[in-house]
Amino acid sequence: MEIKPIETSRLLLRGFIKEDALWAYSIWNDPEMGKYLLDESKEEIDLGYIKELEVLGEDEECCYLIPVLKGSKQRIGTCSFMISEDKRIYDIAYCVHKDFWCQGYATEIAQGMIEYARTQGAEKVTIWVNKENVPSNRVAVKCGGRIVTEKTYKKRGTDISMEEYLYEVLL
């Protein structure tokens with residue numbers, strides 16, 4: 001799904017391109033950065049999985065974006081959203097590279113996607129956050145989210161069970 005870049009005060013959230021695959025992989029599969037994500041950490045690069053990631057920009061159901069610094073265009077993380085069939089609910093996700101943690105970027109990314117959803121006529125935004133991910137839970141609350149439910153999921157390729165909250169931001 002392609003959209004025009006979303007602009008925030010410091011960032012552009014631009015469409016995912018083939019050259020972003022290894023960047024996304026390096027975050028999502030890193031033991032520290034990907035600790036609370038669905039993907040398992042990998043010791044070695046999985047070329048087959050990277051090939052799958054190369055086409056994320058063409059995904060029809062999910063809009064994958066790369067947040068970049070406005071001036072330098074340096075990548076700082078990944079983010080995405082899925083839109084419900086009736087276009088009233090946007091489910092967002094965000095991940096910031098550890099080199100950029102504690103600088104307010106996750107909040108800025110989430111707020112940018114929430115504002116985009118608002119301009120598109122959405123009624124609410126949802127955010128799934130691992131219960132143990134304190135910084136990301138803080139971001140969801142800062143963005144106006146309130147917990148409406150929780151669930152357990154298994155980390156892909158493992159037997160590790162994780163618990164997460166579902167936050168709703170009413171627009």
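Pull up the DSSP beta bridges for the chain and report the antiparallel fraction as a percent, rounded to 5. Roughly 90 percent of the beta bridges in the chain run antiparallel, per DSSP.
With the simple model of a label 7 Å out from the Cα in the direction of the Cβ, Phe100 to Tyr153 spans 2.2 nm. Which residues in the stretch 62-97 place their backbone N less than 11 Å from a point set 7 Å from the Cα of Glu132 along the Cα-to-Cβ direction? Residues passing the 11 Å test: none. Under the criterion of Cα pairs below 8 Å and six or more residues apart, the relative contact order for the stretch 5-100 equals 26 percent.
Please give me the summed charge of the neighbours of Lys35: other residues whose Cβ is under 12 Å from its Cβ, Lys and Arg +1, Asp and Glu -1.
On the way: positive: Lys98, Lys155; negative: Asp30, Glu32, Asp39, Glu40, Glu132.
Residues close to Lys35 contribute a combined charge of -3.
With each label modelled as a point 7 angstrom along the Cα→C-beta vector, the Glu85-Ile45 pair spans 4.1 nm.
How do 91-97, 133-139 rank on mean C-beta neighbours within 10 Å, highest first? Working shown, then result.
Numbers: 91-97: 22.0, 133-139: 17.1.
Descending mean neighbour count gives 91-97, 133-139.
Placing dummy labels 7 Å off each Cα toward the beta-carbon, the span from Cys62 to Glu32 is 2.5 nm. On the beta carbon distance between Ser161 and Ser9, with R0 = 45 Å, the FRET formula returns roughly 0.75.
For the stretch 5-66, rounded, prolate or oblate, judged on the Cα gyration tensor with a ≥ b ≥ c (square roots of eigenvalues), a/c < 1.5 rounded, else prolate if a/b > b/c? Don't skip to the end; give the middle numbers.
On the way: a/c = 2.19, a/b = 1.42, b/c = 1.54.
It comes out oblate by the Cα gyration axes.
Considering helices alone, the calculated mean residue ellipticity of the chain at 222 nm is -6500 deg cm²/dmol, with DSSP H runs of length four and up weighted by -39500 (n - 2.57) and normalised per residue.
Here, each number is a calculation from the coordinates, and none is a lab measurement. A quick note: this is a predicted structure, and the numbers were derived from the prediction, not measured. As a convention, Cβ positions derive from the backbone with ideal geometry for all residues, glycine included, and neighbour counts pool all protein chains shown.
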